[in-house]
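Participant: I have a structure here, written as structure tokens, and I will follow up with some questions on it.
The values are calculated or read from the model by the stated rules, or taken from the named source; none is laboratory data. If you're wondering where the values come from, they're calculated on a predicted model, not measured in any experiment. Glycine gets a Cβ as well: all are built from the backbone with ideal geometry, and neighbour counts include every protein chain shown.
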Amino acid sequence: MKIITLEETKQKETPFKLDAKVFWSAEDADAIRLTVEPGKTIPPHKSPMPVLFYILEGEGKTIGGSEEVKIRKDTLLHSEVDELHGFENTGETPLRLLVIKLKGCLS
């Protein structure tokens, strides 16, 4: 078993200028912790792979899909290949998500 602490992670550049820490990157999957500051958004976009989003802390809402849904700690969201998804932090504290990109499931 490999244990990876936040201090060991590397910052990932994102097109949305977010704090993104890469915990794991392999041929078939990535695990990234994203931090969205209060009032900030991850604009709606599509990914060429399925993506899981686990809300670690904070609150917000999904944007860009067929409906806006409130999200909060201990919620898991699943976005299919090429499904539009985005997030807005509507809270007073950072919204932190664990993002699992399932690259092994490319369409």
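Participant: Scanning the stretch 76-95 for residues that are of a type in the set (Val, Ile, Thr) and modelled with pLDDT of 95 or more, which turns out farthest from residue 20 (Cα to Cα)?
Facilitator: 90
Participant: Let me ask something else. Given the conditions (1) of a type outside the set (Ser, Thr, Tyr); (2) within 13 Å of the chain's Cα centre (by Cα); (3) at positive phi, report the number of the one that residue 82 does not fulfil.
Facilitator: (2)
Participant: Among residues belonging to the stretch 17-36 that are assigned to a loop (DSSP other than H, G, I, E, B) and surrounded by 14 or more Cβ atoms within 10 Å (Cβ to Cβ), point out the one that is nearest to the chain's Cα centre (by Cα).
Facilitator: Out of the qualifying residues, it is 18.
Participant: Additional query: Among the residues of the stretch 18-33, are any of a type outside the set (Asp, Glu) and over 18 Å from residue 100 (Cβ atoms)?
Facilitator: no
Participant: Filter the stretch 23-55 down to the residues that are more than 22 Å from residue 10 (Cβ to Cβ) and without any contact (Cβ under 8 Å) to a residue 40 or more places away in the chain and list them by number.
Facilitator: The one that is more than 22 Å from residue 10 (Cβ to Cβ) and without any contact (Cβ under 8 Å) to a residue 40 or more places away in the chain: 46.
Participant: Condition (residue is modelled with pLDDT of 95 or more and either within 16 Å of residue 20 (Cβ to Cβ) or out of contact with any strand residue (DSSP E or B) (no Cβ under 8 Å at 6 or more places or on another chain) (or both)) applied to the stretch 67-75: is it met by at least one residue?
Facilitator: No.
Participant: Pick out the one residue from 6, 102, 106 that is modelled with pLDDT of 95 or more and not aromatic (Phe, Trp, Tyr).
Facilitator: Only one candidate passes the filter, namely 102.
Participant: Taking the stretch 37-61 as the region of interest, how many residues are within 26 Å of residue 104 (Cα to Cα), assigned to a strand (DSSP E or B) and modelled with pLDDT of 95 or more?
Facilitator: Here the count works out to 6.
Participant: So which residues in the stretch 85-107 are closer than 21 Å to residue 40 by Cα and either more than 14 Å from the chain's Cα centre (by Cα) or exposed (fewer than 14 other Cβ atoms within 10 Å of the Cβ) (or both), if there are any at all?
Facilitator: 90, 91, 92, 93
Participant: Filter the stretch 70-81 for residues that are surrounded by 12 or more Cβ atoms within 10 Å (Cβ to Cβ) and not in a strand (DSSP E or B) and give the result.
Facilitator: Those that are surrounded by 12 or more Cβ atoms within 10 Å (Cβ to Cβ) and not in a strand (DSSP E or B): 73, 75, 80, 81.
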